[in-house]
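For reference, the structure is listed below as structure tokens.
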Amino acid sequence: MGKMIESLFYSKAGQAMLSAAGVKSPLELSRYQGENPWVTGLTVLAQVASPELQKVLQLANIRSQVFASGQPQACEAMLIDASHFTQVAQLDGLKVFFSQASGQLKKSGHIVILGLDPESCDKVETAAVMEALSGFTRSYAKEMGRKGISVNLIYTQQVGAALATPLNFLLSHRSSYISGQPLYVNNKQNTPQDWQKPLAGKTALVTGAAQGIGAAIARTLSRDGAKVIGLDIPAAQQALDQTMAEIQGVSLATDITSEQVSQDISEVLAGEKLDILVHNAGITRDKTLSRMPDHFWQMTLNINLQAPINVTGALEQANLLSDDARVICISSISGIAGNVGQTNYAASKSGVAGFVRKQAQLWQDTGKTINAIAPGFIETQMTDQIPFMTREIGRRMNSLSQGGQPVDVAEGVALFAQPGSNGLNGQLLRVCGQSLIGA
Ligand code: NAD
């Protein structure tokens, strides 16, 4: 029955009925198609206030054109530098810039607003003005979502080289399903990187790499030059081998909750260190709390939360993480908003966010970083299990009115994995099309 309703819904007649009822089909988002380096080819219109930011744009390989009012020039991305604002009256600059320039932005384009981290501002009015950028960003993202346009905010402690990598990412089609989000950049020295293959020479381990989001992460890290070790349970070995064969990766069939998992990883590394560790493997075992069997509770917390903590700790203790290792965990919107029937899953995923925040503090004076991604509704076998109408609602309840693709999460992971992302530590980046859930 569910499948019948689904095929009717997506048939020509069904879509025509929906359109007559005012339900619009979502706009197809532009995604990165292999042009290199990433932002080249996109026209970026920028309002840049300082020579320091001009230098960052050069470093980030972004060829921007300075916005001149009344200029009828189409572009795919826009950047406005609000980091010099100190007074409420200067926020008018946002209204003036976007009312003149936004008509020139193509569908599925990108807007980035740059501000100073409110925590790093000395004066109260400056801090308030910087915080105001966040409300503006979230609202403008909701307005521009209809055109498939993403609007994001970068908060920096100072305008400098550490901005290059996040700017390059948010101004490109690699971030199409991320909208309404702030990224906080600290003022660590930037590590120069190759924009073509930023992960060349790096070894990455991705858990749960046989299918879905994990397989997309493995492919994306490989595209960016990393040698990938894909880990999944022995029952998934065939699919894992297939994914790894595509990217000349190495399969490791083991369970992340088993006692010998770190030993297994160490054997595959064969004396090398791990540069990138992605904790992606995860499960759902949904039931309302009063009906939840003990093993649903335990399995979910063990796989989603205990294992990432244990494996990270064991690899660090065994000195198997390189000095500038990048650890990336997959959390979930469910951990932010909660969900009926997901007390176990949501606890595990907010636990992941807590793990990342604390571990990031412990690593702040080292070269290592740890960050998390909270996906919203992503089209995978996991979300295929959801009953049709609930799934359709989940998929549409965001500013872009559609579910994301596994590659959208993978692009976020690849951002945090880059050497130039050393200014990003302890972040929880939502890849959710600005989901209304938990907003
Ligand atoms: P999926 O079920 O398609 O894939 C998960 C993979 O993890 C599978 O290959 C599975 O075999 C592997 N795995 C499970 N237990 C394991 C274990 N003990 N040891 C090793 N591997 C194990 O799921 P997905 O949709 O690709 O999700 C990937 C991650 O993203 C999960 O952490 C999930 O919670 C998270 N997430 C997904 C969505 C979504 O909409 N799909 C949303 C938010 C978060």
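The values are calculated or read from the model by the stated rules, or taken from the named source; none is laboratory data. Keep in mind that what you see is a predicted model, and the values were worked out from it rather than measured. Every residue, glycine as well, gets a Cβ built from its backbone with ideal geometry; the counts of neighbours run over all protein chains shown. The area values use the complete protein model at the heavy-atom level, side chains included, leaving out ligands, DNA and RNA. Shrake-Rupley method; radii C 1.70, N 1.55, O 1.52, S 1.80 Å.
Hey, what do the phi angles of the range 185-202 turn into as Karplus ³J(HN,Hα) couplings, whole Hz, using 6.51/-1.76/1.60 and θ = phi - 60°, x for Gly and Pro?
For the range 185-202, the Karplus-derived couplings read 10, 8, 9, 5, 4, 6, 9, x, 9, 7, 6, 7, 9, x, 9, 4, x, 9 Hz, x marking Gly and Pro.
Among S139, A236, A270, whose Cα lies farthest out toward the positive end of the dipole of the chain, if unit charges sit on the beta carbon of Lys, Arg (+1) and Asp, Glu (-1)?
Highest projection toward the positive end goes to S139.
With springs only between Cα atoms under 10 Å, which of D232, D286, D294 fluctuates most in a Gaussian network model of the chain?
With Cα springs under 10 Å in the chain, the top fluctuation among D232, D286, D294 is at D294.
Taking the alpha-carbon distance from K95 and a cut-off under 20 Å, which aspartates and glutamates remain once sequence neighbours fewer than 8 residues away in the same chain are dropped?
By straight Cα distance, K95 reaches E76, D81, E125, E131, E143.
With r as the distance between the Cβ atoms of M389 and D365 and R0 = 45 Å, compute the FRET efficiency 1/(1 + (r/R0)^6) and round to 0.05. If you can, show how the numbers build up before the last one.
Details: r = 50 Å, r/R0 = 1.12.
Efficiency for this residue pair is about 0.35.
HN-Hα J couplings of the range 426-437 from phi, Karplus 6.51/-1.76/1.60, θ = phi - 60°, integer Hz, Gly and Pro as x?
Per-residue couplings from phi come out as x, 8, 10, 9, 7, 10, 8, x, 6, 4, 6, 6 Hz.
Under the rule of at least 5 residues apart or a separate chain, name every residue whose amide H is placed under 5 Å from the amide H of V185.
Result for V185 returns Y155, T156, Q157.
Determine the equivalent ellipsoid of the range 43-185 by diagonalising the alpha-carbon gyration tensor, then write out the semi-axes as square roots of 5 times the eigenvalues, largest first, rounded to whole Å. Mind dumping the intermediate values first?
On the way: eigenvalues 88, 57, 45 Å².
Largest first, the range 43-185 gives 21, 17, 15 Å.
Using only the Cα atoms of the range 322-378, each taken as one equal point scatterer with no solvent, compute I(q) by the Debye sum, divide by I(0), and report log10 of the ratio at q = 0.14 Å⁻¹.
Log10 of I(q)/I(0), two decimals: -0.41.
Where does the chain land at 222 nm, in deg cm²/dmol rounded to the nearest 500, when only DSSP H runs of n ≥ 4 count, each adding -39500 (n - 2.57), divided by all residues? Intermediate results must be reported in sequence, preceding the final value.
Details: 16 runs with 165 residues, N = 439.
Taken over the chain, the calculation gives -11000 deg cm²/dmol.
How far apart, in nanometres, would the label points at S258 and Q90 be if each is projected 7 angstrom from Cα along the Cα-to-Cβ direction?
In this crude label model, S258 to Q90 measures out at 5.8 nm.
How large, in percent, is the carbon and sulfur part of the accessible surface of the chain at a probe radius of 1.4 Å?
On the way: 9940 of 19030 Å².
About 52 percent, which is the carbon plus sulfur part of the accessible surface.
Quick one: Cα centre-to-centre distance for the range 185-209 and the range 229-293, in angstrom?
Here the answer is 21 Å between Cα centres.
Among V327, V124, V151, which one moves the most in a GNM of the chain with springs linking Cα atoms closer than 10 Å?
V124
Can you give the convex hull volume per residue for the Cα atoms of the chain, as a whole number of Å³? Don't jump to the answer; show the numbers that get you there.
On the way: hull volume 68.4 nm³, N = 439.
Enclosed volume per residue, from the Cα hull, is 156 Å³.
Could you report the chain's accessible area per residue, 1.4 Å probe, as an integer in Å²? Display every interim value, and only then the final one.
Working: 19030 Å² over 439 residues.
Counting only protein heavy atoms, the per-residue value for the chain is 43 Å².
Given H placed on each backbone N at 1.01 Å, which residues far from R430 in sequence or on other chains put an amide H within less than 5 Å of it?
Those qualifying (amide H under 5 Å, at least 5 residues apart or on another chain) are A374.
Could you list which residues have their amide H under 5 Å from that of L205, counting only those 5 or more apart in sequence or on another chain, with H placed in the peptide plane?
Amide H to amide H, under 5 Å and 5 or more residues apart or across chains, L205 pairs with I229, I276, L277, V278.
Mind checking the dipole of the chain: about its Cα centre, +1 per Lys or Arg Cβ, -1 per Asp or Glu Cβ, Debye to the nearest 20?
Numbers: 34 positive and 35 negative charges, 250 e Å.
Result for the chain is approximately 1200 debye, rounded to the nearest 20.
Give the separation of the Cα centroids, the range 371-439 to the range 102-169, in Å.
Between the Cα centre of the range 371-439 and that of the range 102-169, the gap is 19 Å.
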